[in-house]
Amino acid sequence: MERLSRSDYCQYLLSTQINYTLTNFADHIKNISHDKINRYLKDTKLTPKLVWEHVKSDITHSDNGYLLFDDTVINKDYSHKIEGVRRQYSGNAHGLIKGIGVVTCVYVNPELGKFWVIDYRIFDPDRDGKSKIDHLEDMLNHTEYKKCLPFATVLVDSWYATHKIILKIDDMGKTYYCPLKKNRLVDDSPNGESADYVSIDKLSWNQEELTHGKIVSINKFPKKYKTKLFQIAVSTNRTEHVVTNATDQDSANDVRNECAIRWKIEEFHRETKQLTGLEKCQCRINRIQRNHIACAMLVWVCMKRVASNMKKTIYRVKHDLLKEYLVEELRSPRVVFA
């Protein structure tokens, strides 16, 4: 082999188990040097559009589909010179770390319980001037007007439950369920006539409201804009306040089930980091990092397709690559224990 392609690099990310470096790749492929791999990744431009092109034929559409949005931080805490790295909050680390932020969009078919990544954006405001909110809005518009993918409900984290995004989803005629931060100001007075806004954590709840929710107005939203707020116990020591434009929703248990679907995107983030080497690229050049991220996403799409066809988990697909090796080593070990 004398020429490298995107498929070659993706195959490497899919096949290797621990070491995802370009040096390791060069050591295990004939007639391709580290410099040639580095040059290919530096001179090629892979974009998020590739993910949609590879995944769209796999998706089973649903008129009741869900769009999930969230971001993840590709940990580069060890890095000092990688371009595009910035200090940002990581939910996994529960604090600020150095990393590359990626805003992702996942589509869920609730009837099948299956999900697919359909879009992503790199958070790099120094390069494009866009916030994470801008990226979410861009992906939402692309899904509705360009991909023409049917969906009914949008789920986002509290970070994205802004005036701009909530009203955007509402204007599209879609339903949203968004947790609000405890310091958000709301008014739960009858008809919202008092405009007596208090932070969510200061609200009082009776048993009827805990079961069926309460109508509230959110500060800085249009005066007559009403939403329904639910207090949801996530665990024994954690409570979320979830707001929705489905004002006819009257079951806290149903809202809990709706919000549980949001964890599909966390499952996607975990799988990409553990199985595709998403965080493992050590190259300093921004374009190489971006291309590595694109290839890692494509590898996840491929493994998810294989896992679905074989009725296995995506983890089993990855780990089974070593099965024949282990069988052979146990039968005829090259290094004998003595």
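Each reported figure results from applying straightforward, stated rules to the coordinates on display, with no laboratory input. Model, not experiment: these values are computed from the prediction. As a convention, Cβ positions derive from the backbone with ideal geometry for all residues, glycine included, and neighbour counts pool all protein chains shown.
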- Query: Whole-Hz Karplus ³J(HN,Hα) for the range 287-293, in order, using 6.51 cos²θ - 1.76 cosθ + 1.60 and θ = phi - 60°, x for Gly and Pro?
  - Reply: 4, 5, 4, 5, 5, 4, 4
- Query: For the peptides 262-275, 42-55, what is the packing order when you average, over each peptide's residues, the other Cβ atoms within 10 Å and list the highest mean first?
  - Reply: 262-275, 42-55
- Query: If you wrap the range 158-261's Cα atoms in a convex hull and average its projection over all directions, what's the area in nm²?
  - Reply: 6.5
- Message: Please state the shape class of the range 1-141: rounded when a/c is under 1.5, otherwise prolate if a/b exceeds b/c and oblate if not, all from the C-alpha gyration tensor.
- Response: oblate
- P(r) of the range 58-120 in 10 Å steps, Cα pairs, percent per bin? 21, 35, 24, 17, 2
- Query: Highest mean first, what order results for 310-321, 236-247 on Cβ atoms within 10 Å?
  - Reply: 236-247, 310-321
- Expressed in angstrom and rounded, the centroid-to-centroid distance over alpha carbons for the range 131-166 and the range 296-310 is 25
- Message: Relative contact order of the chain, please, whole-number percent, based on alpha carbon pairs below 8 angstrom and at least 6 residues apart.
- Response: 19
- Task: Average the reciprocal distances over every distinct pair of alpha-carbons in the range 223-294, invert the result, and give the Kirkwood radius in Å.
- Result: 15.6
- Item | Relative contact order (%) - criterion: Cα under 8 Å, at least six apart; region: the range 159-229 | 25
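How would you classify the chain from its alpha-carbon gyration tensor, with a ≥ b ≥ c the square roots of the eigenvalues: rounded for a/c under 1.5, else prolate if a/b is greater than b/c, otherwise oblate?
Cα axes put the chain in the prolate bin.
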- Task: Please report the relative contact order for the range 91-170, taking Cα pairs under 8 Å with a sequence separation of at least 6, and give it as a percent rounded to a whole number.
- Result: 20
